[in-house]
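Peer 1: Can you read through this structure? Questions will come right after.
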Number of protein chains: 2
Amino acid sequence: MNEYYGGIEAGGTKIVCSIANDPKDILALERFPTSTPEETIKKIISFFTENQKSHNIKLVSLGIGSFGPLDLDPDSNTFGFITSTPKKRWRNTNLIQPLQQALNIPVFFDTDVNVAAIGEREWGAAHGLDNFIYITIGTGIGGGVIINGKPVHGLIHPEMGHIRLIQNASIDPYKGKCPYHKNCFEGLASGPAIEERWTKKAHELEPNHPGWALEVDYIAQALSNFIYCFSPQKIILGGGVMQQNHLFPLIRIKTLEYLNNYVQSEAILTNIDHYIVPPGLGNLSGILGAIALARN
Amino acid sequence: MNEYYGGIEAGGTKIVCSIANDPKDILALERFPTSTPEETIKKIISFFTENQKSHNIKLVSLGIGSFGPLDLDPDSNTFGFITSTPKKRWRNTNLIQPLQQALNIPVFFDTDVNVAAIGEREWGAAHGLDNFIYITIGTGIGGGVIINGKPVHGLIHPEMGHIRLIQNASIDPYKGKCPYHKNCFEGLASGPAIEERWTKKAHELEPNHPGWALEVDYIAQALSNFIYCFSPQKIILGGGVMQQNHLFPLIRIKTLEYLNNYVQSEAILTNIDHYIVPPGLGNLSGILGAIALARN
């Protein structure tokens, strides 16, 4: 009986489940909308049990990348719980235990962004790198951080979408979308912020729409701050908003402007096209990261 | 013959050398001004060779915390060099090799702020913690970062003093002191920025001087950003400006305001007095960190 790994990418709006060994050996992959915890967890369990049977394979272990905030502290009573999420039905939900019980295999988990970073390190744009960041700019903004080869947790886990940026109110009077901080990075530059500001979805804005210059400025401010904080070897930008490929060259130029030659590294000064990049795994960073996490 | 460790804290204005085993067993400690590299390195070598003889001890190894930027990449041709520093005479100086050659013992080195963080972890305010940051606010502003028990280097090393902050020009029209970014964190809140803005040195400003409210605001903005980036278990604030102890309670309150309950951790929400703290080793974090680095 062939052995495979299970992966789950748990997002606030959709769940991706997969059985795979690597990007070239994906046995099954399914997406479904996130509903109540009970219903969703039931669907996940069915996916794995049915596919194990129908393909006559054995799952070795399961990796999960989940939306959060998540309790990642093994010494905590709520280890493996989704904690203070704005999605009320999912607040204080034990995600790990019911899956572990039903499938009876080891379960590993981390934040959605850390897991996407793990995927990019294993098979994507950060292959072989020990220090880099993965930022997703979509419905929300979040960052996964790999330092010395390991994902960063710390007290809880990074929430890089909530740093403060400089907003020029005469150019952009928008109040900001974040319920906690109004005009933080996520409040100014997430998909919903773009939509509320311009009453159009991000993908509906023309490439020459003035909204993109603002977006580029906010992203470049954030990236220059992240470069000063983490000194990453690479920055990967994923998420729905970054599907707009025309943003990449503009973000690179603006980030260099903000750094103003302070960071004397060839990787940045002469090689920025390979420094700020899209995910090597496209929109599969998260689910393949979950497979990589399961494989350890 | 007793065995001891050597430590060097190399700053832009002064050098501290020590021979010690730990904070309770400091055999020798000397400070002298930083002059040319040749003269300074000669003085350092004399300190260690003479003290070895006069105390009849043997040095096992040497730890160095140095100003930078430093080349920390073991694969680089300029490994152990001070690189693009504004201190012209020290630019492209090999700090390690002449000391290694003269003393003939293993030499370990890192940035001044990473080494101070190592000292605080070994014997100070971060004892037992694997994830925390040490920020110095003085002539410059810099940060040392410990993640998963190890100092962060990455591409070069963090330069956390250069993140951008929000400046309200109607309250603070000061142009900023940073030669690269004008009004970044260091440009707004370092000792020289305070002195240029108010034409008085920081320690000459009365505790009720309006400059302190500005200073607290900038530091709290930076700390909330750092909390979102690193999710540290503790933040240690050292350096000359932070000798003003009255700043600590104000910084704690303002940081909580900026976070606005987003980070749901008791360490922050109910225990902030033990979360944002002065160095446990006072002004010896750097030199004792160098000893700790030498000990591994």
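The values are calculated or read from the model by the stated rules, or taken from the named source; none is laboratory data. Just so it is clear, the model here is predicted, and its values are computed rather than measured. For neighbour counting, all protein chains shown are included, and Cβ atoms are generated from backbone atoms with ideal geometry for every residue, glycine included.
Peer 1: Return the residue satisfying two criteria in turn: it lies in segment A:83-123 and is of a type in the set (D, E, K, R) and either outside any strand (DSSP E or B) or more than 14 Å from chain B (Cβ to nearest Cβ) (or both), and of such residues it is surrounded by the fewest Cβ atoms within 10 Å (Cβ to Cβ). Spell out the reasoning first.
Peer 2: Initially, segment A:83-123 is screened for residues of a type in the set (D, E, K, R), giving A:87-89, A:91, A:110, A:112, A:120-122.
Add one more test, that the residue is either outside any strand (DSSP E or B) or more than 14 Å from chain B (Cβ to nearest Cβ) (or both), and what stays is A:87-89, A:91, A:112, A:120-122.
Working: A:Lys87: 13, A:Lys88: 6, A:Arg89: 12, A:Arg91: 13, A:Asp112: 25, A:Glu120: 29, A:Arg121: 26, A:Glu122: 20.
The selected residue is A:Lys88.
Peer 1: Kindly evaluate B:Glu39 against the criterion of being closer than 30 Å to B:Ile156 by Cα, out of contact with any helix residue (DSSP H, G or I) (no Cβ under 9 Å at 6 or more places or on another chain) and without any contact (Cβ under 8 Å) to a residue 12 or more places away in the chain. Can you show your working first?
Peer 2: Values: closer than 30 Å to B:Ile156 by Cα: yes; out of contact with any helix residue (DSSP H, G or I) (no Cβ under 9 Å at 6 or more places or on another chain): yes; without any contact (Cβ under 8 Å) to a residue 12 or more places away in the chain: yes.
When the stated conditions are applied, B:Glu39 passes them.
Peer 1: Kindly evaluate A:His153 against the criterion of being more than 14 Å from chain B (Cβ to nearest Cβ), in a loop (DSSP other than H, G, I, E, B) and modelled with pLDDT of 95 or more. Before the answer, list the steps.
Peer 2: Details: more than 14 Å from chain B (Cβ to nearest Cβ): no; in a loop (DSSP other than H, G, I, E, B): yes; modelled with pLDDT of 95 or more: yes.
When the stated conditions are applied, A:His153 does not pass them.
Peer 1: Quick check on B:Ser35: is it part of a loop (DSSP other than H, G, I, E, B) and over 24 Å from B:Met160 (Cβ atoms)?
Peer 2: Values: part of a loop (DSSP other than H, G, I, E, B): yes; over 24 Å from B:Met160 (Cβ atoms): yes.
The answer is yes for B:Ser35.
So that you can scan it fast, the table gives a plain yes or no per residue for (1) assigned to a strand (DSSP E or B); (2) farther than 17 Å from A:Leu95 by Cβ:
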site	(1), (2)
A:Arg31	yes, yes
A:Glu39	no, no
A:Ile45	no, no
A:Lys58	yes, yes
A:Ser61	yes, no
A:Ile64	yes, no
A:Leu72	no, no
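Peer 1: Sort out for me the helices (runs of 4 or more DSSP H) sitting completely within segment A:232-296 that have 1 or more residues that are at pLDDT below 95. Steps first, answer last, please.
Peer 2: Details: elements: A:247-259, A:266-269, A:285-295.
Counting at least 1 such residues, we get A:266-269.
Peer 1: Mind listing just one residue for me: the one in segment A:262-282 that is loosely packed, with under 15 Cβ neighbours inside 10 Å and out of contact with any helix residue (DSSP H, G or I) (no Cβ under 7 Å at 6 or more places or on another chain) and, of those, farthest from A:Asp22 (Cα to Cα)? Spell out how you get there, then give the answer.
Peer 2: As a first pass, look at segment A:262-282 and keep what is loosely packed, with under 15 Cβ neighbours inside 10 Å: A:264, A:266, A:269-271, A:273-274, A:282.
With the extra rule that they be out of contact with any helix residue (DSSP H, G or I) (no Cβ under 7 Å at 6 or more places or on another chain), the set shrinks to A:264, A:266, A:269-271, A:274, A:282.
Working: A:Gln264: 37, A:Glu266: 33, A:Leu269: 34, A:Thr270: 33, A:Asn271: 29, A:His274: 24, A:Gly282: 14 Å.
The qualifying residue farthest from A:Asp22 (Cα to Cα) is A:Gln264.
Peer 1: For segment B:156-179, how many residues are more than 7 Å from every other protein chain (Cβ to nearest Cβ) and of a type outside the set (A, V, I, L, M, F, W, C)? Give the derivation first.
Peer 2: Narrowing segment B:156-179 to residues more than 7 Å from every other protein chain (Cβ to nearest Cβ): B:161, B:165, B:167-179.
Those left that are additionally of a type outside the set (A, V, I, L, M, F, W, C): B:161, B:167-168, B:170, B:172-177, B:179.
The number of residues fulfilling the criteria is 11.
Peer 1: Taking the condition of being more than 13 Å from chain A (Cβ to nearest Cβ) and in contact with a His (Cβ under 9 Å, 6 or more places away or on another chain), how many residues in segment B:197-241 meet it?
Peer 2: So the answer is 6.
Peer 1: State which residue pairs qualify: first residue within 13 Å of another protein chain (Cβ to nearest Cβ) and inside segment B:249-274, second residue polar (S, T, N, Q) in any location, beta carbons under 6 Å apart, and separation of 6 or more residues or different chains.
Peer 2: Here the result reads B:Thr255/B:Ser224; B:Tyr258/B:Ser224; B:Leu259/B:Ser224; B:Gln264/A:Ser84, each pair linking segment B:249-274 to a residue that is polar (S, T, N, Q).
Peer 1: Scan segment B:23-63 for residues that are surrounded by fewer than 16 Cβ atoms within 10 Å (Cβ to Cβ), over 19 Å from B:Ile105 (Cβ atoms) and touching a strand residue (DSSP E or B) at 6+ places or on another chain (Cβ under 6 Å) and report the count.
Peer 2: 3
Peer 1: Which condition from (1) within 8 Å of chain A (Cβ to nearest Cβ); (2) over 18 Å from A:Ile156 (Cα atoms); (3) not hydroxyl-bearing (Ser, Thr, Tyr) is the one that B:Asn131 breaks?
Peer 2: Every listed condition holds for B:Asn131 apart from (2).
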